[in-house]
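Chemist: Let me begin by handing over the structure; questions about it come next.
The values are calculated or read from the model by the stated rules, or taken from the named source; none is laboratory data. Computed from a predicted model, the values in this text were never measured in an experiment. Glycine gets a Cβ as well: all are built from the backbone with ideal geometry, and neighbour counts include every protein chain shown. Accessible surface areas use protein heavy atoms only, side chains included; no ligands, DNA or RNA. Shrake-Rupley method; radii C 1.70, N 1.55, O 1.52, S 1.80 Å.
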Amino acid sequence: MPHEWLYSASGLLVGFLVGVTGVGGGSLMTPLLILFFGAKPQSAVGTDLLYAAITKIVGTALNRRLGVVAWRIVLLQMLGSLPAGVLCLLFLHHAGPSEATSHLIKLVLAIALLIIAPIVLLKPWLGKLSVNRPPLSPRLEVILTVLLGAVLGALVTMTSVGAGAIGMAALTALYPRLSTRTLVATDIAHAVPLALLAGGGHWLEGAVDTTVLVALLLGSIPGIVLGTLFSDRLSDGVQRWVLGILLFVIGLRMV
């Protein structure tokens with residue numbers, strides 16, 4: 001196993017990028033564990049899920065006190081995400097830790113990153129398009145929110161990515177009249193039970209490295225603080241292009 005300080009340094013870097021850009025750490029941490037540290041895909045996904053759950057519990061507790069979480073949207077997403085997460089865990093349990101399973105996880109992860117990259121780059125345009133469209137009917141809004149939860153449940157359980165970039169883009173499209181702060185807080189709150197469920201399932205399968213998990217958290221917590229403080233110094237355009245290109249390159253490397 002590499003020196004623990006390398007994991008902490010990686011956590012610091014990813015935490016900083018998350019603090020600056022707001023995109024979920026899974027899009028960066030899981031590929032980093034696989035490509036740089038040589039972790040097995042199942043172990044990388046499971047470790048990152050619990051890593052994300054622990055950090056987002058803190059954020060959700062703060063957002064709850066501030067009263068900026070749209071809990072109705074969180075519950076609607078959970079109606080889709082938790083059953084989908086359970087189904088994916090059952091599939092992974094049945095498939096077992098085989099080479100075919102590892103290849104499938106890497107492939108789905110690569111596709112997710114290649115989808116997330118243009119979403120990050122086109123974020124302002126997507127936001128304007130959503131604001132200008134007619135409001136959805138309440139029933140359709142509910143159905144689409146539950147379906148969004150199901151997609152995120154499957155994607156996050158398989159790869160640990162998607163809740164940040166894809167979830168935020170979809171919520172912006174569905175609820176364009178809610179503030180960005182509320183949407184971010186809502187997305188983070190929904191990620192907590194989903195990541196706990198999926199991460200717990202991977203842990204029961206023995207696919208979580210607790211030593212790596214602790215080392216990552218030691219770096220990521222100060223990294224997120226530094227990134228948040230530094231975020232105002234970089235223009236939104238620079239942040240989007242740097243992150244979008246980085247995710248696209250990583251996605252290609254994962255294929």
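Chemist: Say R0 is 30 Å: what FRET efficiency, to the nearest 0.05, do Arg181 and Lys40 get from their beta-carbon distance?
Modeler: Working from the Cβ atoms, E equals 0.20.
Chemist: Still on this structure: Cα convex hull of the chain: how many Å³ per residue?
Modeler: 114 Å³
Chemist: For the stretch 73-143, count the residues as N, evaluate 2.2 N^0.38 Å, and divide the Cα radius of gyration by that value, please.
Modeler: For the stretch 73-143, the normalised Cα radius of gyration is 1.55.
Chemist: Between Ile111 and Val238, what FRET efficiency follows from the Cβ-Cβ distance if R0 is 22 Å, with the result rounded to 0.05?
Modeler: The value I calculate is 0.25.
Chemist: Can you give me the span-like helices of the chain, meaning DSSP H runs with 30 Å or more of Cα extent along the axis and Kyte-Doolittle mean at or above 0.0?
Modeler: Qualifying helices: 41-66, 71-95, 99-121, 138-159, 180-204.
Chemist: To the nearest 0.05, how large is the calculated FRET efficiency for Thr210 and Ile245 if R₀ is 30 Å and r is the Cβ-Cβ distance?
Modeler: E between Thr210 and Ile245, to the nearest 0.05, is 0.35.
Chemist: Here's something else I'd like to know. Quick one: net charge of Ala189's neighbours, Cβ under 14 Å, K/R +1, D/E -1?
Modeler: +4
Chemist: To the nearest 20 debye, what charge dipole does the chain have about its Cα centre, counting +1 at the Cβ of each Lys and Arg and -1 at the Cβ of each Asp and Glu?
Modeler: 780 debye
Chemist: Taking the Cα centre of the stretch 123-201 as origin and charging only Cβ (+1 Lys, Arg; -1 Asp, Glu), how large is the dipole, in debye to the nearest 20?
Modeler: 280 debye
Chemist: Follow-up question, since we're still on this one. Please tell me the relative contact order of the stretch 1-150 in percent, rounded to the nearest whole number, where contacts are Cα pairs under 8 Å and at least six residues apart.
Modeler: Across the stretch 1-150, relative contact order equals 31 percent.
Chemist: Among 73-80, 156-163, 60-67, what's the highest-first ranking by average C-beta atoms within 10 angstrom per residue?
Modeler: Ranking the peptides 73-80, 156-163, 60-67 by packing returns 156-163, 73-80, 60-67.
Chemist: Would you please put 49-57, 212-220 in order of how densely packed they are, using the mean number of other Cβ atoms within 10 angstrom per residue and starting with the highest?
Modeler: 49-57, 212-220
Chemist: Per residue, how much accessible surface does the chain expose to a 1.4 Å probe? Answer in Å², no decimals.
Modeler: Accessible area per residue: 49 Å².
Chemist: Ignoring ligands, DNA and RNA, please state the percent of accessible area on the chain from carbon and sulfur, probe 1.4 Å.
Modeler: Exposed carbon and sulfur together represent 72 percent of the surface.
Chemist: Quickly estimate the mean residue ellipticity at 222 nm for the chain, helices only: each DSSP H run with n ≥ 4 gives -39500 (n - 2.57), and the total goes over all residues, rounded to 500.
Modeler: Helix-only estimate at 222 nm: -28000 deg cm²/dmol.
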